[in-house]
Every structure is written in C-alpha cells, then in structure tokens.
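*Asks:* Just passing along the structure, written as structure tokens.
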Amino acid sequence: MRFVKHRRIAAHGPAPGEDEDPLAGIANLFDVSVAFIVALLIALFALFSAGTFLDKNSEVTLVKQTAGGETEIITKKGSEIKVQKVTDKTLSGQGTRLGTAYRLANGQVVYVPEGDAPGAVQ
C-alpha cells in the first residue's frame, strides 16, 4: 500500500519554504502607479493654475503658438470660450480711428484712445 501525503493549507498563508503567488507583487505595483499618476495630475493642475479654467466665473486669456507657427488667442469669459487665429495678412476697409499705439524703449506697447488729453489717466 501506498501512503499519500495530504498537504494542509494553513489559514494564515503558505508554510515556510512554499512559494507565494508571483503575480501578487504586480498588483501592488499597479496600485502604486495609479497613486503616482493621480498625484502627478494634481501637481500639474496646481502648477498651471488649471483651476481657473474650471471656475465658471473666471476670465482667462492665453496666447498659444501651434507647431505650424500660427498664433492663437484663447479667451474664456465665464462659460464662453473664444479662439481667434492671428495672421500677418494686411486688412483694409472703412472704419473710425480709435487712438494711437506707441512702442516704448523696453518693448511695452501703450494704447492712447483718441480724444484723451495727454497724461490723462482713466
């Protein structure tokens, strides 16, 4: 007669010397990576002040240059978002002169509305 040894499965885990499930460590790595991604997204939102984009009462203006060299102005007022493309084309038509723009020595542009007295501040 042959005697068959039956192994007992302990309720507290594998017995010393027995191997554990090799995929158990991968599940832990997945959990760690998900936590890292969430933390990274929170840090990016804080860095770029993306919270102002989500606020329905905020006003935000961005100037973006695409890979093709085109410039876009993105304006958000409340829940309305407008995208305007800037071109270097010369436009013509009829209109009314509104004022004059001056470029200062430091590169800053100052707009002076038509009809205002010099030095007047509104």
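The values are calculated or read from the model by the stated rules, or taken from the named source; none is laboratory data. Here the structure is a predicted model, which is why all the values come from computation and not from measurement. No Cβ is skipped: glycine too gets one built from the backbone with ideal geometry, and neighbour counts run over all protein chains shown.
*Asks:* Among (1) at pLDDT below 90; (2) in a strand (DSSP E or B); (3) under 30 Å from V112 (Cβ atoms), which single condition is G93 missing?
*Replies:* Single failed check for G93: (2).
*Asks:* Okay, next question. Take segment 85-119 and flag every residue that is loosely packed, with under 10 Cβ neighbours inside 10 Å and under 26 Å from L54 (Cα atoms).
*Replies:* Answer for segment 85-119, where residues must be loosely packed, with under 10 Cβ neighbours inside 10 Å and under 26 Å from L54 (Cα atoms): just K85.
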